[in-house]
Amino acid sequence: MSASPWKTAYKVFHRIYEIAIMLVLFSMVILVFYNVFARFVLNRSLGWIDEYARFAFIWLVFLGSFLAYEDNEHIGLDFLLERLPKGIQKYMHILNHLLVLLVCAIMMIYGHRVSLSARNISPGLGIRMTYIYYAVPVSGFLMGAMTLARLGDSVLTVLGRKPTSPGKVGS
């Protein structure tokens with residue numbers, strides 16, 4: 001049986017997403033290495049590289065948080081959940097997803113507001129700080145979409161049906 005179009009699209013998105021993160025990390029490492037070499041060997045460094053590394057790291061943290069969330073690698077207090085009866089655990093998963101959705105909505109709404117209010121320009125790269133601050137609402141959107149998929153799976157599980165989400169959705 002072939003994969004559904006949603007699962008195929010998700011796999012393509014996921015692979016492009018991973019490659020983009022790897023490219024940003026690779027460029028950051030190469031540029032920082034060059035700048036250290038230039039500073040201590042050539043006595044001349046490029047100021048914009050430090051700023052690029054800082055901004056790239058901000059985006060890597062927020063984009064990487066989606067990958068960590070997708071793989072259930074964020075810190076959780078599941079030892080309490082595991083002590084509950086299985087029937088109640090299903091409903092607690094739904095409550096958990098609703099609370100995570102609330103946090104993602106806050107990240108999107110207030111991250112968007114902060115991003116739009118940023119009028120300053122970075123001195124080294126000369127770009128608007130709006131582009132840097134948008135890491136927060138973008139991350140909130142991605143994790144919110146994943147949480148909606150997980151919420152749907154949890155509801156289907158409560159109803160006794162098979163989860164249908166693409167990717168590694170898990171609980």
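Please find, within region 40-49, the residue that is farthest from Leu60 (Cα to Cα) out of those that are open to solvent by 50 Å² or more (accessible area, probe 1.4 Å) and touching a Leu at 6+ places or on another chain (Cβ under 9 Å).
Of everything passing the filter in region 40-49, Leu46 is farthest from Leu60 (Cα to Cα).
Scan region 73-84 and tell me whether some residue there is of a type outside the set (Lys, Arg), in contact (Cβ under 8 Å) with a residue 24 or more places away in the chain and surrounded by 11 or more Cβ atoms within 10 Å (Cβ to Cβ).
There is no residue in region 73-84 that is of a type outside the set (Lys, Arg), in contact (Cβ under 8 Å) with a residue 24 or more places away in the chain and surrounded by 11 or more Cβ atoms within 10 Å (Cβ to Cβ).
In region 1-97, which helices (runs of 4 or more DSSP H) lie fully inside it and hold 2 or more residues that are more than 30 Å from Asp153 (Cα to Cα)? Show your work before the answer.
Values: elements: 5-40, 47-70, 78-82.
Where helices (runs of 4 or more DSSP H) fall fully within region 1-97 and carry at least 2 residues being more than 30 Å from Asp153 (Cα to Cα), they are 5-40, 47-70.
Give the residue that is farthest from Met92 (Cα to Cα), with candidates limited to residues of region 107-163 that are in a loop (DSSP other than H, G, I, E, B) and of a type in the set (A, V, I, L, M).
Leu125
Looking for something basic (Lys, Arg), within 24 Å of Ser122 (Cβ to Cβ) and out of contact with any Gly (no Cβ under 7 Å at 6 or more places or on another chain) - is there at least one such residue anywhere in region 12-32?
No, region 12-32 contains no residue that is basic (Lys, Arg), within 24 Å of Ser122 (Cβ to Cβ) and out of contact with any Gly (no Cβ under 7 Å at 6 or more places or on another chain).
Residue-by-condition table, conditions (1) surrounded by 15 or more Cβ atoms within 10 Å (Cβ to Cβ); (2) modelled with pLDDT under 90; (3) basic (Lys, Arg):
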| site | (1), (2), (3) |
| --- | --- |
| Ala20 | no, no, no |
| Ile30 | no, no, no |
| Val36 | no, no, no |
| Tyr52 | yes, no, no |
| Val61 | no, no, no |
| Glu70 | yes, yes, no |
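Output the number of residues of region 87-125 satisfying the condition of being more than 17 Å from Phe57 (Cβ to Cβ) and open to solvent by 50 Å² or more (accessible area, probe 1.4 Å).
Adding up the residues that qualify gives 23.
What pairs come up if the first residue lies in region 1-23 and is over 16 Å from Phe66 (Cβ atoms), the second is modelled with pLDDT under 90 and surrounded by 12 or more Cβ atoms within 10 Å (Cβ to Cβ), and their beta carbons are under 7 Å apart, counting only those six or more places apart or on different chains?
Trp6/Pro166; Lys7/Pro166
The values are calculated or read from the model by the stated rules, or taken from the named source; none is laboratory data. It should be emphasised that the depicted structure is a prediction, and the values quoted were computed from it without experimental measurement. Here the Cβ is made from the backbone with ideal geometry for all residues, glycine too, and neighbour counts use every protein chain on show. Surface accessibility is based on the protein's heavy atoms, side chains included, excluding ligands, DNA and RNA. Shrake-Rupley method; radii C 1.70, N 1.55, O 1.52, S 1.80 Å.
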